[in-house]
1. (1) assigned to a helix (DSSP H, G or I); (2) more than 25 Å from Glu184 (Cβ to Cβ): which one isn't true of His474, the others all being true?
2. If you check Ile122 against the conditions, is it within 13 Å of the ligand (Cβ to nearest atom) and part of a helix (DSSP H, G or I)?
3. If you check Ser187 against the conditions, is it assigned to a helix (DSSP H, G or I), buried (at least 17 other Cβ atoms within 10 Å of the Cβ) and in contact with a Gly (Cβ under 6 Å, 6 or more places away or on another chain)?
4. Hey, among Asp328, Asp305, which residue is more than 30 Å from Asn221 (Cα to Cα) and buried (at least 16 other Cβ atoms within 10 Å of the Cβ)?
5. Of the numbered conditions (1) part of a strand (DSSP E or B); (2) more than 24 Å from Glu464 (Cβ to Cβ), Ala362 satisfies every one except a single condition; which is it?
6. Of all residues in the stretch 157-189, count the ones that are within 22 Å of Leu53 (Cβ to Cβ), touching a helix residue (DSSP H, G or I) at 6+ places or on another chain (Cβ under 9 Å) and touching a residue at least 24 places away in the same chain (Cβ under 8 Å).
7. Among the listed residues Glu431, Glu421, identify the single one that is in contact with a Leu (Cβ under 7 Å, 6 or more places away or on another chain) and buried (at least 17 other Cβ atoms within 10 Å of the Cβ).
8. Where in the stretch 31-109 are the helices (runs of 4 or more DSSP H), entirely inside, with at least 2 residues that are hydroxyl-bearing (Ser, Thr, Tyr)?
Amino acid sequence: LALGTYPLSCTARPQQKVHFNASQLHADVDAPHAFVILGASGDLSKREIYPALWSLYRDNKLPSNTRFYGHARKNIDVAKLRENVDPYVKISDDELKRYDEFWSLNKYTAGTDNEDADYDKINEMIGKDQGGPDARGNRIFYLALPPSVFQNATTQIKRACMAKKGWTRIGVEKPFGHDLASSEELSHHLSSLFTEDQIYRMDHFLGYDMVQNLLRIRFANRMFDPSWNKHSIASVKINFCENMGIEGRGVFFDENGIIRDVMQNHLLQIMSLIAMEKPVSASSDDVRDAKVELLKSTKAVVMDDVVLGQYVGNPDSDDPRERIGFQDDPTVPPGSNASTFALTVLRIQNQRWEGVPFIIRAGKGLDVNKTEVIIQYKGIENDIFNGQSNRNELIIRIGTTEALQVKLMSKIPGFSSNIEEITMDFDYINEYKDLKLPSAYEVLLLDMFHGNQMNFVREDELKEAWKIFTPILHEIEGKQIKPIDYKFGSKGPQEADELEVKNNFL
Ligand code: NDP
């Protein structure tokens, strides 16, 4: 028996490709639009928000009369903003004129010690550009601000900056609170000012093409439905691996750890899309209703279902970065118990999934960089091939290396009557030769213009997500539970592998 993995290519049928077309969506395209970035001088703004806005502008995706307004406390100007953003965009020679044009539509105001006056000024600037304070025009305010400023900023927007004739939408960045109670406090604050259809809680994973594809894979294909349940599936693993360390984010990590950073939000969103029941329709609210139901059926995580880890330097590594452990990073408070790795097992109590473990594994300082979902099917009953049949797997790769893979058993070609494992591989890079996927931020910011809330987190969804993780986070912090050391560049603690096997993931 030769067990091997052959990459068999599967091809997309060209006539079936349906490309994203912004014009099919409903934007009030003729009205003036203002996009206001609060926290314009910060890291997120320069790395994601401005580059995404530029790409959308370059590709004529935005309403033609859109202007951009940056605000932060620093006394800088648009030229300085542009200088900050330049390293994060690639501009070809023939795009230079358009890039200049984009920046000519930008303004920046620096904060003063009088916040009322600051927000009055933003309102005045927009009003002037949109044809007067009461003229028709739409406004998006994006909070690229530290969470401590969210409440003040939103109160000011409500007081001074709402559109008089047109809509106002508020983009909120994570973290949405630190636990259930603080998240509820923020939610109550936001709902006292805005309606839910004005609030866009950002989870950038929901902007990834493959994450959006999960709905299509499940509900546009007949073949998966009959086996998508406890009768056929042994376990599901959602795996997030990064081969970089925390790179100066020591304070953030000490306060939050990996569970808050990626599990309670991004990876739980992926699990919801994998495990939810079929929504009544593909509308934003029907899909989000289905996700909320699923989260309600998911039990809060318990300590027996958790492994925590923290990376230490690997003195034998050739890569100097791998020799630096979490505790060696000067931004990490000495003796920090923060986890840079976690494995948690989620248990869904409903008819479809009772008894199927959902293993969520995430870590920094690991051996590879990838995010994937592995759906592992049960073994064959009464295997007539002398027990040679391996479990089938559906692997969904997310992020920079989008791919769908299916592991199947197949006859070894030729005289042999034995079987071996083969992999059918649909890799975006091979299949869509000249495809350039938009960034998650491009996709989601455009959704904000179009009022499409499908890929934003609704208040009840957020609450259910926190209910699943808050008890364990409080227990870990209350008992000061120490994570297990693992070497930078390894697969993480061995205890995590053992817990996977115990949970039927082979
Ligand atoms: P930074 O600290 O780099 O930027 C914060 C921005 O807010 C700066 O422009 C700062 O400018 C401004 N700011 C701070 N206080 C005030 C205030 N009182 N009034 C007005 N502006 C203020 O943070 P990030 O850009 O990294 O993060 C911003 C938000 O995005 C945070 O909520 C973070 O959690 C979230 N986020 C960030 C990610 C990232 O990759 N960076 C990823 C995911 C989420 P100034 O000091 O000039 O006022």
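The values are calculated or read from the model by the stated rules, or taken from the named source; none is laboratory data. These numbers were taken from a predicted model, which means no experiment stands behind them. Cβ placement follows ideal geometry from the backbone for every residue including glycine, while neighbour counts extend to all protein chains displayed.
1. If we test His474 against (1) assigned to a helix (DSSP H, G or I); (2) more than 25 Å from Glu184 (Cβ to Cβ), just (2) comes out false.
2. yes
3. No; evaluated as a whole, the condition is false for this residue.
4. After ruling out the rest, the residue left standing is Asp305.
5. Status for Ala362: all satisfied but (2).
6. Residues that pass the stated criteria total 11.
7. Glu421
8. Once the helices (runs of 4 or more DSSP H) in the stretch 31-109 are filtered for at least 2 residues that are hydroxyl-bearing (Ser, Thr, Tyr), what remains is 50-58, 96-104.
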